[in-house]
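Engineer: Next up is a structure, given as structure tokens.
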Amino acid sequence: MVLTPEMARAGVTPQLLSSTHRFKCPRCGKEFSLFQSRAIACRACPQANKNCKYVRCVHCDAEFPLNGFVVNTKEKEKFLSNYMNGVVSNYHNQFGYYRR
């Protein structure tokens, strides 16, 4: 998906666009986004807010490396992981779902 001028005006960033990229789980074949994975499947994981390089399927709970699905370099992988961790932490802080 390409970031259009309309999307940019609405506040969509390239990182947010990457986090909504949908891909298939290698185990069950069902689709989900990185945001769904971090917000749902990784919610109770202590590594979820520590630059985790893995993604977890929201359907079958399989975990596999993030690299190769959304980004193609280690730097982009770390940047996207940090970005998603911030989005999910902010969501949990605003709505009270994250318990420390």
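Engineer: Nearest 0.05, what FRET efficiency do ASN72 and THR4 give at R0 = 22 Å with Cβ-Cβ as r? Could you put the intermediate results ahead of the total?
Structural biologist: Values: r = 23 Å, r/R0 = 1.03.
According to the calculation, E is roughly 0.45.
Engineer: Next up: If amide H atoms are built 1.01 Å from N in the plane of the peptide, which residues on other chains or at least 5 residues away come under 5 Å of the amide H of PHE23?
Structural biologist: PHE32
Engineer: Please give me the summed charge of the neighbours of PHE35: other residues whose Cβ is under 14 Å from its Cβ, Lys and Arg +1, Asp and Glu -1.
Structural biologist: Values: positive: ARG22, ARG38, ARG43, ARG56; negative: GLU31.
Net of charged neighbours comes to +3.
Engineer: Under 11 Å from the Cβ of GLU63, count the other residues' Cβ atoms, weight Lys and Arg +1, Asp and Glu -1, and hand me the total. Could you put the intermediate results ahead of the total?
Structural biologist: Working: positive: ARG27, LYS53, ARG56; negative: ASP61.
Around GLU63, the charge tally is +2.
Engineer: In addition: Per-residue HN-Hα couplings for the stretch 29-43, Karplus 6.51 cos²θ - 1.76 cosθ + 1.60 at θ = phi - 60°, whole Hz, x for Gly and Pro?
Structural biologist: x, 7, 9, 7, 9, 4, 4, 4, 4, 5, 7, 10, 6, 9, 4
None of the figures in this text is laboratory data; all of them are computed from the coordinates on show. Predicted, not measured: the structure shown is a model, and the values here were computed from it. FYI the Cβ positions are ideal-geometry reconstructions off the backbone, even for glycines, and counts take in every protein chain you see.
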